[in-house]
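Following: one structure in structure tokens, then a few remarks.
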Amino acid sequence: MQKSLDKDKIEQDMVALWLKDHEKTTGKLGEVGVCFGGYIANFLVASIPDKLDAAEPSNECLQFA
């Protein structure tokens, strides 16, 4: 499914900086990603290191039986 998506659009969609300023947050932004989400977590750390407070990338895909 991800191969059919536009990588640049996915990356832009993930940069959700508006969350840091939302009135119902603490102003901290973190990312937890598994499999493709691990890629996104690494992308965010590299792209906005001054904006992201924490990241937990995991590139292991979970297998569900």
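Within the straight-line cut-off of under 23 Å between alpha carbons, the lysines reachable from Lys51 are Lys7, Lys9, Lys20, Lys24, Lys28, sequence neighbours fewer than 8 places apart in one chain being disregarded.
Placing +1 on each Lys and Arg Cβ and -1 on each Asp and Glu Cβ, with no other charges, gives region 2-58 a dipole about its Cα centre of roughly 80 debye.
Every number here is computed from the coordinates shown, using simple stated rules; none is lab data. Quick caveat, the model's predicted, so the values are computed rather than measured. Every residue, glycine among them, receives a Cβ derived from its backbone with ideal geometry; neighbour counts consider all protein chains shown.
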